[in-house]
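Inspection log for the structure reproduced underneath, given as structure tokens.
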Amino acid sequence: MHSKKNNRISALLAAFPTHENFLTFAQNSENAKALKSLILFAEKNAIIPAAEAGALERFIQENALQREDLKPPTPMNFSDFFDQKETLLELNLSVRALTERMNALLDQCELDLPRVSNSMLSRLKKEKADTLHKQNVLRSLAFWLGHERGRLGAHWNFETLVEMCRGGMTQAEHKEGVRIGFALYSRGDVIDHEIVGWLKNELKGYIQQSIGRFAYGRWGKVRSHDITTLYVDFPKEEAASNPSAYRQCLRSALSLAHQMAIRWALSKHYTQNRFLSIGVSAGAFDGLDNYLLPILSAKLPGDPAIRLTDFARQCALINDIRALLFPAPTEITLFNNESLTIWWVMGVWSTLYFDFVPDLLVDKALGADSEAAALFTATLYPSIIQTRDRDAKEQPNALSTFLRYPHNSLLGLEIAKTLYYRRRFWDANEILRIILSLDPTHLNARTLRMILFRNLAVEAPSHSIAEGMFEQAYLEAGFIKQNCQYLTEDFYCEHAVIFLAQAMLTLRRLRAGRGTIEGEYNTEHFKRKIYAALDKAESVFWKGVTISPTGIRAVYLLNSVKVIRNVLKHDDSLFTSPEKPLDCTPQAVRKPIHEVQWQLGYLREDLPQIPENEMIGAIFDMNTRMHDDSISLQAYRPTTYYCTAAVWWDLYPMRTIGCAKRAARLLEGAAELAREMEAKGVCIYAFTRTYGEMISAREFISHIDRMLKMIRRTAGSDFAQRPDSEVIEPDDDQPMNLLMTLNF
């Protein structure tokens, strides 16, 4: 029921995103019948307390959207919007079927808004929304978008649709961005039209399915430079010319590069005598070919597939895009004697940030069932493991391809990632063993193996086995620190989470045994171990903050460690009383958070004109957008949504109804994404029990449901109708009702 009501609210706010918009509609006598139906709809669904126009007006005024949500997230017109409906709306329906759904919803809700027709949509693609009827058709469309696709963001609303009917920005304004090139080179085998056609189709397919927001006009289209070289342009979306303005377009370009490098390795056309070179260049489009073509053809040590110009590298680093670049670039001289520095990708943090390769998700050896495990083992050890299904064993799969080309660490890591997200930890470790046998210092592979050992420790059947697995994880971390060339925030975060997981697992067992673990009654000893592990986790998280340009992941996890430690210090009985929630009073929770926020510059005494809470809220929003822009892996987004909800509910200086609304929306979005992942047979990397672990989507959703119930219980069942500014801070002697420890 709650989800249904939220959909109704989202639909109303999409149809009337601002107070001014509602007044314009309500004051027009021709809208009287439609207004009456909307008032009855809102009252019937308990959105407003009484069937009065004033009540509906107050509701819309108190919940009006932000100014930044009143324009399309990317400049486009109405025609572009419908051309990309499969990507933008995540709905693969014809326009006719789509209009039928819209009209069915209007009928169901008994609204006297105009029904949507194919012919009117065709007109709106060519004409401005300059009549009342056209505008109300757009309002009907906005109502459906808010109701059925509200999780995609608040920006799909009436004002956005009207803006798109005005035409949006012209293509000529996009003079800067990222150009990514793909060049096929023969080293003995022929490059024919079939191979180039395959490459072009794969590029088009991924762009349309995954980064369609750029695919308007000529942008995001695959173009040919010559017979064997293709390129794609992604315009930057901000007017500024500094590197930070390239965040989204560069993320999309590198996601495309990662996908094509793996897809090429899995294709039937891939041989050692054909090479796919991928180049990424950023800046003004009219001069990019001068740099892109030389980096595509450059002979580089180790034949790396993905190469970047120096400015593209700067943009990647400043925008915290999670790719590992070789620290010693190559410099070449161009025809005009200009020097060109070429950087190349050694690896990417694929396990968190880069999307799955579709072929691997359906690979028979990489599934989550026993048959897949048997086929995997038979392929890996054919002389030892015998299988009756000889045809399946001999049929090529991703694993057999990797075994033929074990130097392809990008492919190997992607296979290991797919196994990891299906909780096949030991099989993933076998793939990493092969990668590390060729390159023992491969940071991505070593870090993933460390994570696997941590997950196995959490899953271990006994405390002593878990301690042994944690020790293996620490040994991997020690090897990385001693031997890998440079470290990153993600390594330090995953390293610190070993200490956090060990502390929390020990605490859980100690609480379950009411002061004992596996018959050992030495509560003080275990308490010291827990505090020592939490202290060590804090120290390592600070290293992650130090080394990162943003520290977004590390800061959240650092706050969670400090809160947990303070909660434990304020109530010693939490170590031995499993019935007591891991929670504490506002003062105990707020103090360590306030200290960290001061240390990070969130609390600025030199900016008195900006209210403290507004400053912190703006920083939260900025960090959320930046981190979200670095992610294309949908299986990681549920956790980032949850963590962002915890930030607003647990870490914001003053808990308000606005915080409750934000947290609830984020948690509902996390659950929706998790359901999509469940349909793909993929698990969720979750922090819902305070430490990182791979859990089933169903279990993750159950955690989210508990959180939503707690928010409703704490904020009141009617919180969605109350003003954002209302404070709901608990009393000084009451528990905080923390999200981050609720499911512990």
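The values are calculated or read from the model by the stated rules, or taken from the named source; none is laboratory data. Predicted, not measured: the structure shown is a model, and the values here were computed from it. Methodologically, a virtual Cβ is constructed for each residue, glycine included, from the backbone with ideal geometry; neighbour enumeration extends over all protein chains shown.
Find the helices (runs of 4 or more DSSP H) located wholly in the stretch 44-100 whose residues include 1 or more that are closer than 30 Å to TYR206 by Cβ and in contact with a Leu (Cβ under 9 Å, 6 or more places away or on another chain), and list them. Give the derivation first.
On the way: elements: 53-62, 78-83, 85-88.
It comes to 78-83, 85-88.
Would you be able to tell me the number of residues in the stretch 5-43 that are touching a residue at least 40 places away in the same chain (Cβ under 8 Å), surrounded by fewer than 16 Cβ atoms within 10 Å (Cβ to Cβ) and part of a loop (DSSP other than H, G, I, E, B)?
Residues that pass the stated criteria total 1.
For residues that are assigned to a loop (DSSP other than H, G, I, E, B) and among the charged types (D, E, K, R), tally how many sit in the stretch 701-726.
Keep residues of the stretch 701-726 that are assigned to a loop (DSSP other than H, G, I, E, B), which gives 716-718, 722-726.
Narrowing the set further to residues that are among the charged types (D, E, K, R) leaves 718, 722, 724, 726.
Count: 4.
Need the failing condition index for VAL540 against (1) free of Cβ contacts under 8 Å to residues at least 60 places away in the same chain; (2) surrounded by fewer than 18 Cβ atoms within 10 Å (Cβ to Cβ), just the number.
Of (1) free of Cβ contacts under 8 Å to residues at least 60 places away in the same chain; (2) surrounded by fewer than 18 Cβ atoms within 10 Å (Cβ to Cβ), only one is false for VAL540: (2).
Those residues that are surrounded by fewer than 18 Cβ atoms within 10 Å (Cβ to Cβ) and under 15 Å from ASP572 (Cα atoms), I need them from the stretch 480-511; list them, please.
Across the stretch 480-511, the qualifying residue is only ARG508.
Being without any contact (Cβ under 8 Å) to a residue 40 or more places away in the chain, surrounded by fewer than 19 Cβ atoms within 10 Å (Cβ to Cβ) and in a helix (DSSP H, G or I) is the filter here, so list the residues in the stretch 127-162 that pass it.
Matches in the stretch 127-162: HIS133, LYS134.
Residue-by-condition table, conditions (1) basic (Lys, Arg); (2) in contact with a Pro (Cβ under 7 Å, 6 or more places away or on another chain); (3) in the same structural domain as LEU411 (by TED's automatic domain parsing):
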position: ASP427; (1), (2), (3): no, no, yes
position: ARG433; (1), (2), (3): yes, no, yes
position: ARG449; (1), (2), (3): yes, no, no
position: PHE479; (1), (2), (3): no, no, no
position: TYR486; (1), (2), (3): no, yes, no
position: HIS495; (1), (2), (3): no, no, no
position: ARG508; (1), (2), (3): yes, no, no
position: GLU520; (1), (2), (3): no, no, no
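Yes/no matrix, rows are residues, columns are (1) farther than 16 Å from LEU35 by Cα; (2) surrounded by 17 or more Cβ atoms within 10 Å (Cβ to Cβ); (3) polar (S, T, N, Q); (4) touching a residue at least 24 places away in the same chain (Cβ under 8 Å):
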site	(1), (2), (3), (4)
ASP107	no, no, no, no
ASP112	no, no, no, yes
ARG115	no, no, no, yes
ARG123	yes, no, no, no
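Checking PHE59 against (1) of a type outside the set (A, V, I, L, M); (2) surrounded by fewer than 16 Cβ atoms within 10 Å (Cβ to Cβ); (3) in contact with a helix residue (DSSP H, G or I) (Cβ under 8 Å, 6 or more places away or on another chain): exactly one of these is not met. Which one?
Unmet condition: (2).
Inside the stretch 423-501, counting only helices (runs of 4 or more DSSP H) that do not spill past its ends, which hold 3 or more residues that are within 26 Å of the chain's Cα centre (by Cα) and modelled with pLDDT of 95 or more?
Numbers: elements: 425-438, 443-459, 463-483.
Ranges flagged: 425-438, 443-459.
Farther than 23 Å from VAL545 by Cα and of a type in the set (Val, Ile, Thr): which single residue out of THR624, THR656 fits that description? Give the derivation first.
Details: THR624 fails: farther than 23 Å from VAL545 by Cα.
Unique residue meeting the criteria: THR656.
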